[in-house]
1. Using 0.36 nm times the number of residues separating VAL80 and ASN248, minus their current alpha carbon distance, what extension gain do you get?
2. Given +1 on the Cβ of Lys and Arg, -1 on the Cβ of Asp and Glu, and no further charges, what dipole in debye does the chain carry about its Cα centre, rounded to the nearest 20?
3. I need to check one value: relative contact order of the chain, counting alpha carbon pairs closer than 8 Å and at least 6 residues apart, in percent.
4. Can you tally the net charge around ILE228? Count Lys and Arg as +1, Asp and Glu as -1, for every other residue whose Cβ sits under 12 Å from the Cβ of ILE228.
5. What does the net charge come to around VAL104 if you take all other residues with beta carbon closer than 15 Å to its beta carbon, with K and R at +1 and D and E at -1?
6. Rounded, prolate or oblate: which one fits the stretch 234-289, using the alpha carbon gyration tensor with axes a ≥ b ≥ c (rounded when a/c is under 1.5, else prolate when a/b beats b/c, else oblate)?
7. What trypsin sites (Lys or Arg not before Pro) in the stretch 1-87 are in a loop by DSSP, with at most 12 other Cβ atoms within 10 Å of the Cβ?
8. Whole Å is fine, so just give me how far the alpha carbon centre of the stretch 212-289 lies from that of the stretch 1-76.
Amino acid sequence: MGSFITPDVNFGRQIEQASQSAASMCWTCGSCDFECPVNIATNRLRPQKIVRMANLGLLEDLLHMPEIWYCLTCRRCMNVCPNTVSPSTLIAFVRNKTLFKGIVSTDTLRRYHTLFTKFQRVRWHAVNHCFNEEFENLTDQMWHDWLEQPVRPLTSTITKKKSIPIDKDIWATMVSSRSLACFTCGECSSACPIICERSVFDPRVLFRMINLGMVDELMRSPSIWLCIDCGRCTNSCSQLVDGRQLLNQVKELATLWGVLDIDFNLRVEHANQAIYKYFLNEIDQLFGL
């Protein structure tokens, strides 16, 4: 028979206060689980579970869970919570505790950040693959090649068309209403959780290209499809530029103007299921979990 869980509610309150995550406000609605991009792709990261474990005072169990390292720190779980619980803040607190207690070494953490950086390359190459081909299978060779293969800025084989049929009125309206206030200060890039290499993804570069009318270059690049829709660029902008909505509209226009076929999003979803699985397995091996 399995062992019983012995909750420590008082310790749970201490974890909540130390992490400032408002964990006790959770009523297990599951909104965070449905919003988490890692859980959507793999069903292996449930923010709700981590919050409930913290409320039960199970810190030692949390410290040795691989799930705390699966998190992309996008904070979508926090943004969607109706009770303002912040699972991402709790996860950051637990991660710091693993370093403080010596469970994870600084060298392991460095290698984790290197893996996270290279994983963004994999995401770029996967999207680039989906532009013209069905993503049937991810092989070990493809995974390792994409990890090590640098990305050249804004190049892809999205379409053989010579130019994109631009509706200048729609583009001008989008730019004037949402992005002209941008003066490339870099607040968005500083807040973005997935910016690791500028050639792979940099919101400031993308917003600048939107203002310059570089439509062909934008829609022919996998970069705009790497956005995980967290809205941190929007929340951080002192000029109130809605970067999240800007990129979403560019992606919508790419479909509307026939740059992408209607099955493209399904191919990307299929690719994400494959590459995120590899990513999580790499994390398991890295932390010996």
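1. On the way: separation 168, 0.36 × 168 = 60.48 nm, distance 1.80 nm.
So the extension gain works out to 58.7 nm.
2. Working: 30 positive and 29 negative charges, 119 e Å.
Roughly 580 debye for the chain.
3. Details: 365 pairs, mean separation 60.2, N = 289.
Taking the mean separation of contacting Cα pairs over the length of the chain, I get 21 percent.
4. Numbers: positive: ARG75, ARG76, ARG123, ARG232, ARG244; negative: GLU35, ASP229.
With Lys, Arg at +1 and Asp, Glu at -1, the net is +3.
5. On the way: positive: ARG95, LYS97, LYS101, ARG110, ARG111; negative: GLU60, GLU67, ASP107, ASP284.
Cβ neighbours under 15 Å give a net charge of +1.
6. Working: a/c = 6.31, a/b = 1.40, b/c = 4.52.
Cα axes put the stretch 234-289 in the oblate bin.
7. Passing both the DSSP loop test and the Cβ count: no residue.
8. First find each Cα centre; the distance between them is then 26 Å.
Every number here is computed from the coordinates shown, using simple stated rules; none is lab data. Owing to the predicted nature of the structure, the values given are computational and were not obtained by experimental measurement. Counting neighbours? That spans all protein chains shown, and the Cβs are built from the backbone with ideal geometry, glycine included.
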